[in-house]
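Chemist: Quick one: the structure is below, questions incoming.
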Amino acid sequence: MSAVPSAPDPLSAVTAALVESNDRLLGLIGLTGAAFRSLEEDELLDTVVWPTIELLQLEQCTIGGAIERHWTTTTADATTADAHVWQTSRELDSGRLELLVTRSAEPFGTADTKILEAVANLLGNSIRIARMHADRLTQAVVEREHAQAARLTATALPLTDQPPEIDGVDLWVHARPARTTGGDLFTWFAIDDRIWFAVGDVSGKGLPAAVLMSVAVTMVEAAIHRHHVDGIEHVGDATNRWCFQRFSDADMFLTLAVGCIDPATATAQVMNFGHSPVLVVSPAASKRLEASAPPIGVLLDIQAQVTHLQLSEGDTIALGTDGLTEQFNAAGQAFGEDPFDTLLHASACSPDAATLGQTVLAAVDSHAGGTEQSDDQTLMLVRYSPAARTSTSPQLTIDATHLALRTLGPWLAGALNEFADQGLIERCGEIELALHEVATNVVDHAYAGGADGDQMTIDLRLIDNKLIARICDQGRPFVDPGTRPDPDDPQVRGYGLMIVEQLASTIEQASGSYGNRWTLSFESRPVALPRNTPPNPKGTS
Amino acid sequence: MEIAIETDSPSPLVTLTGRFDSFETAQFREKMDQFADQSHEIRVHLGAVNFIDSSGLAELVRSMKRSREAGGDVVLCAPSQTVRVILELTRLDMAFTIRPDA
């Protein structure tokens, strides 16, 4: 390119200089236009160095310092002692970059050195880009491994679809992790006919929270197994002692609610270490179970109060995590604790824990409206449900017709003979009458006389020698008008529920979009026959 | 439920046997309608009724009220234990005329 024939006249010299200058410009364009086809460091450097060697007719190019590379166009040791040398350096994050070039043809002029300074900058940037790319790749791999490890910690949790089975308690849980693990935990056990349960949340997010979560759930389970006989305060105390050091060292803490339900006595106990939301949900009145101690990992010696509850049929202990109450919508508004409480209370009459839970989740999802979940969401519902059916409780499904009600009596007699004591067997006729009267109401009111496919289900449970009978339909919700006939003015209607009231110890009715659910209980001993004073009509008759 | 009717005395005797529930009310009402406007006493024998529900009870009340309007009465005879219990539960034992035998 520069082999211009020697010409003595000035015009030729100018022409030669112009041609050479033009060649350089083309070479420079070639250098700057070199497309980076790879983000690998070596290939990036080659993409810059080779055009430079060609442009400036270099023999050697050496990079030293943070990295070492050498390029040559001549055979080894061909560099003569009189070769011209030029060098520069750059400070990079990863260290010093030394650039040294040689050529024999002619000394490096001003234009050459300007180009070489630019090349040094380009090399520095190439190395930076290559290093950043490599870091990014490493980081992505680490992040993926973190996420995978965080997900794997969830294997420390029980399976959500396999709640422990126990008579009289209906259990449901939902655990939905956020993309970045939030540290929610839950566990549950049936021990000695009681249900133990816990829901907690480790402070922080990501892998550290996930790892401590798996430690914490193991500690909670160990504390329950070791101390369930000693009482819940010992379970709470052991959990705190065992977790304290680990959490304290990590500058993290654990909010935890742990409790147990004894269906035989219809009692529950709950300890709350700084956790929310925790509620007892009851159709009559729901209430928050506020924290009675600071979170675990904050103080070694804490005296947490135990909340004692007397439960009625259908009462539900609800344990959530803040991922539910703090779920945002597109406008940046959180779901909120008060709306959460209100929602649970309004759904207190749901037929079972799963229905109640799905209602809550649907409301939270509806609030979010597609806004990404920022934290783990866990909701556990522990419902005292003496009438909850298990596979062993007698169950009868019949068509909702007056004729089909006749199968009730023989089925009841068979079931009572199978599993009830003599006191209940002797009341078989009365119990049949009460169930029959409720079932008649179902045919007449829930199904308006009954049509093909209308059905009702009756199931029986024994709790403490009391018979709990439940009648469920999927018909129209109806309410007992509460009117009772005046005995002095015989009526042709309204005796049915009056009879049920006289025969059953307790009657509860819940209605909703699912239909109607009647729960009657019967004492083993015969109930006293009517008092001398007739029952007051509750309304006009 | 079987319904047997004897009309050879001035006071007809209606004997019920079996289960008197909502499925039987139409049959009972039809049989009782023939005596509706008579000012006689109609005896309903309930000794062999092994089950009666509020619908059956309501039919007894209906026929009793109609009979009394015509100047007669429906008398419940020899009610079985099952029937006695439900009459007491509903306090209708105070409303009906009840005899221990036919």
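Chemist: Of the conditions (1) more than 60 Å from the chain's Cα centre (by Cα); (2) small (Gly, Ala, Ser); (3) modelled with pLDDT under 75, residue A:30 fails just one. Which one is it?
Modeler: Checking residue A:30 against (1) more than 60 Å from the chain's Cα centre (by Cα); (2) small (Gly, Ala, Ser); (3) modelled with pLDDT under 75, the one that fails is (1).
Chemist: How many residues does the range A:216-246 hold that are among the aromatic types (Phe, Trp, Tyr) and either surrounded by 22 or more Cβ atoms within 10 Å (Cβ to Cβ) or out of contact with any strand residue (DSSP E or B) (no Cβ under 8 Å at 6 or more places or on another chain) (or both)?
Modeler: 1
Chemist: Still on this model: Return the pair list, or none, for Cβ contacts closer than 9 Å from residues in the range A:26-54 that are basic (Lys, Arg) to residues that are modelled with pLDDT of 75 or more, at least 6 apart or on different chains.
Modeler: Matching pairs, first to second residue: A:37/A:43; A:37/A:47.
Chemist: Right, another one. Pairs needed: first member in the range A:245-260, touching a residue at least 24 places away in the same chain (Cβ under 8 Å); second member anywhere, open to solvent by less than 80 Å² (accessible area, probe 1.4 Å) and of a type in the set (D, E, K, R); C-beta distance under 6 Å; at least 6 residues apart or different chains.
Modeler: What qualifies is A:255/A:201; A:260/A:194.
Chemist: I've got another one for you. Looking only at residues that are within 14 Å of chain A (Cβ to nearest Cβ) and farther than 18 Å from residue A:491 by Cβ in the range B:22-72, which one is farthest from the chain's Cα centre (by Cα)?
Modeler: B:23
Chemist: Another question, if that's okay. Is one or more of the residues making up the range A:444-458 open to solvent by less than 10 Å² (accessible area, probe 1.4 Å), assigned to a helix (DSSP H, G or I), more than 24 Å from residue A:284 (Cα to Cα) and at the interface with chain B (Cβ under 9 Å from one of its Cβ atoms)?
Modeler: Scanning the range A:444-458, I find no residue that is open to solvent by less than 10 Å² (accessible area, probe 1.4 Å), assigned to a helix (DSSP H, G or I), more than 24 Å from residue A:284 (Cα to Cα) and at the interface with chain B (Cβ under 9 Å from one of its Cβ atoms), so the answer is no.
Chemist: Give the residues of the range A:84-100 that are modelled with pLDDT under 90 and of a type outside the set (D, E, K, R), sorted by residue number.
Modeler: A:92, A:94, A:95
Chemist: In addition: Since residue A:314 meets every condition but one in (1) surrounded by 22 or more Cβ atoms within 10 Å (Cβ to Cβ); (2) in contact with a Lys or Arg (Cβ under 9 Å, 6 or more places away or on another chain); (3) not in a loop (DSSP other than H, G, I, E, B), which condition does it not meet?
Modeler: (3)
Chemist: Taking into account only those residues within the range B:73-102 that are buried (at least 20 other Cβ atoms within 10 Å of the Cβ) and under 23 Å from residue B:10 (Cβ atoms), which is farthest from the other protein chains (Cβ to nearest Cβ)?
Modeler: That would be B:79.
Chemist: Please list, ordered by first then second residue, the pairs with beta carbon atoms under 6 Å, 6 or more apart or interchain, first in the range A:101-120 and at pLDDT 90 or above, second open to solvent by 10 Å² or more (accessible area, probe 1.4 Å) and aliphatic (A, V, I, L, M).
Modeler: A:102/A:83; A:102/A:85
Chemist: When you go through A:82, A:161, A:93 one by one, which is the residue that is assigned by TED's automatic domain parsing to the domain that holds residue A:217 and without any contact (Cβ under 8 Å) to a residue 60 or more places away in the chain?
Modeler: A:161 is the lone residue from the list that is assigned by TED's automatic domain parsing to the domain that holds residue A:217 and without any contact (Cβ under 8 Å) to a residue 60 or more places away in the chain.
Chemist: Separate question: Pick from A:263, A:283: which is within 15 Å of residue A:191 (Cα to Cα) and modelled with pLDDT under 90?
Modeler: A:263
The values are calculated or read from the model by the stated rules, or taken from the named source; none is laboratory data. Predicted, not measured: the structure shown is a model, and the values here were computed from it. Positions of Cβ are backbone-derived with ideal geometry, glycine not excepted, and every protein chain shown enters the neighbour counts. What goes into the accessible areas is simple: the full protein's heavy atoms, side chains included, and nothing from ligands, DNA or RNA. Shrake-Rupley method; radii C 1.70, N 1.55, O 1.52, S 1.80 Å.
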